[in-house]
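> This structure is in structure tokens; I'll ask about it shortly.
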Amino acid sequence: MPSTIPYAQRRAALAAHLGPHGIAIVPTAPTQQRNRDNDFLFRADSYFYYLCGFAEPNAWLVITGDGKSTLFCQPKDLEREIWDGVRLGPQAAPAALGVDAAHPVSALDTELPKMLENRDAVWYPFATHHGLETKVDGWLQPVRGRMRFGALCPDVQRDLCAVLDEMRLIKDASELATMGRAAQISAEAHVRAMQTSARMLRAGQEVREYHLDAELLHAFRHHGSQHTAYGSIVAAGANACVLHYRADAGLVHDGELVLIDAGCELDGYASDITRTFPANGRFTGPQRALYDLVVASQYAAVAATKPGARFTDPHEASVRVLAQGMLDLGLLDTNKVGNLHDVIEKRAYSAFYMHRTSHWLGMDVHDCGSYTEPAERGQISERKDALSGETIKDRPARVLRPGMVLTLEPGIYVRAAEGVPEQFHGIGIRIEDDAVVTDQGCDLISRGVPVDADAIEALMRA
């Protein structure tokens, strides 16, 4: 059982936000049926797990403004435990999890109205659990019925996500250690897939995308990861130009590139790594030209990722490098799109680079946390989008601070089209690393798998 200290500290920090008479209700995720008599593998709700580290289904956590925490969980049941595994149970929960009290989940409807009585505000995560607001209203009904006897009923309902998102945005030491290990496991998985591709092709064997996906899954589980953080993308050749392509049965041809976007989840925390490599271990000239461009754009993003910078700075740094490279390599025609300034202003680069460079990373692969600076949300400017013509309201981007974790993932995707140099057709490249903002800059925790083209070729020769 992991240490209960960070969870207790988080519950105490949350309690301070609730006010002395506030109460928070946090459910875990429901089980999901996959098909007849078969459920999807259970994964706890991120907010719930963040506050108590409890991974069993059918559980609820209640925290009050005085810092008390109560868990509702499945009771011990020998017959069900034979089928589904050992349960912690309410009796053992306080000592194991550091909560103040625990009850069987069957007592939820009886105990919650008592706990809500004489509270001034009830907090719960909005729009994350279908029907939760109806449940809360049901628990409040008997409290309202007691108001004639002097009981007070919460007259304010607040979104708990707003508080927890801010808390989760800055990772503590235990979170960073777990994320570092998850990134290390994922990097080893990418190395394994790269080397397998080259080895099988050298041996004259047929290679398919699912062969490489299998290598990823093997490495994830072999090193103790419980889940993939998301559906792995293993895209050979032109499939890499499909941003959300999933590992399938496509053939991996000698001489083409393979894009793998895959990361494991370890103890509730995600990693997210993308590498693009030559299937046989050797870049061709056109592949190398585009690949080196994306590498250069990522280095620009890394340099822009530091405390005090804005969340959008890495993206803007990447775009400048990519746009200039598209002009230099003839992907964009200066006679049609103009100079670098014009390409950026008109977003002409989006024909080949259509996504953002970063997102938050943490318990969720696209983790929670506002992308605008809270203290500056009132500062709004308007602009017309160059491609859609839509009016966009801009607010100042988030200021980066130590402990934030974000991805840096520039890319370039060249579909066959008229006017596009043929040697680049069907090439899709993305390079993604996980960056922890530090006091001095950022730390790339996912560089256990190389990025530079020469290093990749050397690795695949091994």
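The values are calculated or read from the model by the stated rules, or taken from the named source; none is laboratory data. Values in this document were obtained by computation on a predicted structure and should not be read as measured data. Neighbour counts are summed over all protein chains in view; Cβ atoms, including those assigned to glycine, are modelled from backbone coordinates with ideal geometry.
> If Asp272 satisfies every condition in (1) surrounded by 21 or more Cβ atoms within 10 Å (Cβ to Cβ); (2) among the charged types (D, E, K, R); (3) at pLDDT below 95 but one, which is the exception?
(3)
Residue-by-condition table, conditions (1) among the basic types (Lys, Arg); (2) over 21 Å from Leu332 (Cα atoms); (3) without any contact (Cβ under 8 Å) to a residue 12 or more places away in the chain:
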{"site": "Pro402", "(1), (2), (3)": "no, yes, no"}
{"site": "Leu408", "(1), (2), (3)": "no, yes, no"}
{"site": "Gln423", "(1), (2), (3)": "no, no, no"}
{"site": "Ile427", "(1), (2), (3)": "no, no, no"}
{"site": "Ala435", "(1), (2), (3)": "no, yes, no"}
{"site": "Val451", "(1), (2), (3)": "no, yes, no"}
{"site": "Ala455", "(1), (2), (3)": "no, yes, yes"}
{"site": "Ala458", "(1), (2), (3)": "no, yes, yes"}
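> In contact with a Pro (Cβ under 8 Å, 6 or more places away or on another chain) and either crowded, with 18+ Cβ neighbours inside 10 Å or part of a strand (DSSP E or B) (or both): is that true of Leu406 in this structure? Steps first, please.
Values: in contact with a Pro (Cβ under 8 Å, 6 or more places away or on another chain): yes; either crowded, with 18+ Cβ neighbours inside 10 Å or part of a strand (DSSP E or B) (or both): yes.
It is true that Leu406 is in contact with a Pro (Cβ under 8 Å, 6 or more places away or on another chain) and either crowded, with 18+ Cβ neighbours inside 10 Å or part of a strand (DSSP E or B) (or both).
> Moving on. In the set Val294, Val302, which member is in contact (Cβ under 8 Å) with a residue 60 or more places away in the chain and within 27 Å of Ser370 (Cβ to Cβ)? Spell out the reasoning first.
Values: Val294 fails: within 27 Å of Ser370 (Cβ to Cβ).
Unique residue meeting the criteria: Val302.
> While we're looking at this one, here's another question. So, in the range 190-216, how many residues would count as being within 19 Å of Gly250 (Cβ to Cβ), touching a residue at least 24 places away in the same chain (Cβ under 8 Å) and not basic (Lys, Arg)?
Qualifying residue count for the region: 15.
> Turning to a different aspect of this structure: Answer yes if at least one residue in the range 347-358 is within 28 Å of Asp433 (Cα to Cα) and touching a Ser or Thr at 6+ places or on another chain (Cβ under 7 Å), and no otherwise. Quick ask: steps written out before the conclusion?
Our first condition is that a residue be within 28 Å of Asp433 (Cα to Cα); within the range 347-358, this holds for 347-358.
Restricting the remaining residues to those that are touching a Ser or Thr at 6+ places or on another chain (Cβ under 7 Å) gives 357-358.
Yes, the range 347-358 contains at least one residue that is within 28 Å of Asp433 (Cα to Cα) and touching a Ser or Thr at 6+ places or on another chain (Cβ under 7 Å).
> Within the range 171-207, which residues are surrounded by fewer than 18 Cβ atoms within 10 Å (Cβ to Cβ) and not in a helix (DSSP H, G or I)?
Scanning the range 171-207 gives Asp172, Ala203, Gly204, Gln205, Glu206.
> Determine if the range 360-367 includes at least one residue that is more than 30 Å from Ala162 (Cα to Cα), part of a strand (DSSP E or B) and modelled with pLDDT of 95 or more.
First, the residues of the range 360-367 that are more than 30 Å from Ala162 (Cα to Cα): none.
No, the range 360-367 contains no residue that is more than 30 Å from Ala162 (Cα to Cα), part of a strand (DSSP E or B) and modelled with pLDDT of 95 or more.
Yes/no matrix, rows are residues, columns are (1) surrounded by 12 or more Cβ atoms within 10 Å (Cβ to Cβ); (2) within 16 Å of Leu132 (Cβ to Cβ):
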| position | (1), (2) |
| --- | --- |
| Arg11 | yes, no |
| His17 | yes, no |
| Ala24 | yes, yes |
| Thr28 | yes, yes |
| Gln33 | no, no |
| Phe40 | no, no |
| Tyr49 | yes, no |
| Cys52 | yes, no |
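> A further question follows. Only residues in the range 360-388 that are more than 30 Å from Ala177 (Cβ to Cβ) count as the first member; pair them with residues that are part of a loop (DSSP other than H, G, I, E, B) and not acidic (Asp, Glu), Cβ under 7 angstrom, at least 6 apart or cross-chain, and list the lot.
Glu376/Arg395; Glu376/Pro396; Arg377/Arg395; Gln379/Arg395; Gln379/Pro396; Ile380/Arg395; Ala386/Arg347; Leu387/Arg347
> Further, regarding this structure: Taking the range 1-43, which residues are of a type in the set (Phe, Trp, Tyr) and in contact with a helix residue (DSSP H, G or I) (Cβ under 8 Å, 6 or more places away or on another chain)?
As a first pass, look at the range 1-43 and keep what is of a type in the set (Phe, Trp, Tyr): 7, 40, 42.
Selection gives Tyr7 alone.
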